Amino acid sequence: MSIKAEYLGMPLSIDALDGENLAYFQHCAAHDFRLQLCPVCNLLRYPPTTACPWCMRAEASWVPVEGKGTVHSYTEVHHAIQPAFKAFTPYLVLLVDLDRQKGVPSEQEALRVVGNLTTPAGTLAPPDMVQRVGIGTRVRMVFSDVAAGLALPQWTIDEDAEQPPPWRYPQE
Ligand SMILES: [Zn+2]
């Protein structure tokens, strides 16, 4: 079964053959963040894929993972390539190090999950919120519902976390 949906007026689809992404986004649709755990080397992997990047085994089970982490890097978009995003500029694309499995299997590694900065309700963040986020910001996962069987994992500021001063690119 494939999924076809629309997000901000843009078509999104996941092909029936893409079992890993169908499963991943179906868990997201239930606001349940899960990643594949390899039973052989006991490591999680992201993005969803057919084989373990560490030991190449295909077997995996979907396990719940807490959606909390730290901004590893970001892009602040001022010129939207997609017209649908124009109304939301400037917006942030975040690369977030999950707390789970950070520094494993080597100290430089982490499960780095991409998403936009959104409000707690899952809509793209307003400019005053965008300015408060940078490298080091503690964030938590929220979901933007798109269609039956499809929600996008996104990031919002973790209001309960102690926040270091975020590192931001110098502004003009
Ligand atoms: Zn493995």
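Take segment 124-141 and flag every residue that is free of Cβ contacts under 8 Å to residues at least 60 places away in the same chain and not in a helix (DSSP H, G or I). Steps first, please.
Our first condition is that a residue be free of Cβ contacts under 8 Å to residues at least 60 places away in the same chain; within segment 124-141, this holds for 124-132.
Matches in segment 124-141: 124, 125, 126, 131, 132.
Keeping to segment 24-47, report how many residues are under 18 Å from residue 112 (Cα atoms) and within 16 Å of the ligand (Cβ to nearest atom).
10
List pairs: first in segment 11-28 and under 18 Å from residue 44 (Cβ atoms) and in contact (Cβ under 8 Å) with a residue 24 or more places away in the chain, second of a type in the set (S, T, N, Q) and not in a helix (DSSP H, G or I), Cβ under 7 Å, 6+ apart or cross-chain?
Taking only residues 6 or more apart or on different chains, the pairs are 20/49; 20/50.
Here is a check on your reading of the model: is residue 121 more than 22 Å from residue 32 (Cα to Cα) and without any contact (Cβ under 8 Å) to a residue 24 or more places away in the chain?
Answer is no for this residue.
Show the residue pairs that are 6+ apart or on different chains and have beta-carbon atoms under 6 Å apart, the first residue being within segment 35-62 and at negative phi, the second being within 8 Å of the ligand (Cβ to nearest atom) and β-branched (Val, Ile, Thr).
Listed pairs, sorted by first residue: 55/40; 57/40.
Restricting attention to segment 85-128, which residues are surrounded by 13 or more Cβ atoms within 10 Å (Cβ to Cβ) and either at positive phi or small (Gly, Ala, Ser) (or both)?
101, 110, 115, 122, 125
Residues that are crowded, with 18+ Cβ neighbours inside 10 Å and under 13 Å from the mean Cα position of the chain (by Cα): list the strands (runs of 3 or more DSSP E) wholly contained in segment 14-79 that include at least 2 such residues.
Values: elements: 34-37, 61-64, 68-77.
Because the criterion is at least 2 residues that are crowded, with 18+ Cβ neighbours inside 10 Å and under 13 Å from the mean Cα position of the chain (by Cα), the strands (runs of 3 or more DSSP E) in segment 14-79 that meet it are 34-37, 68-77.
Of the conditions (1) over 30 Å from residue 127 (Cα atoms); (2) touching a residue at least 40 places away in the same chain (Cβ under 8 Å), residue 85 clears all except one; give me its number.
In the conditions (1) over 30 Å from residue 127 (Cα atoms); (2) touching a residue at least 40 places away in the same chain (Cβ under 8 Å), residue 85 misses (1) alone.
Looking at residue 89 and the list (1) β-branched (Val, Ile, Thr); (2) farther than 18 Å from residue 8 by Cβ; (3) over 18 Å from the mean Cα position of the chain (by Cα), which single condition is not satisfied?
(2)
I'd like the full set of residues that are touching a helix residue (DSSP H, G or I) at 6+ places or on another chain (Cβ under 8 Å) and within 16 Å of the ligand (Cβ to nearest atom), limited to segment 48-82.
Selection gives 48, 49, 50, 62.
Coordinate-derived values only; no laboratory data. Small disclaimer: the values here were computed from a predicted structure and weren't measured. A quick note on method: Cβ atoms are made from the backbone with ideal geometry, for glycine too, and the neighbour counts reach across all protein chains shown.
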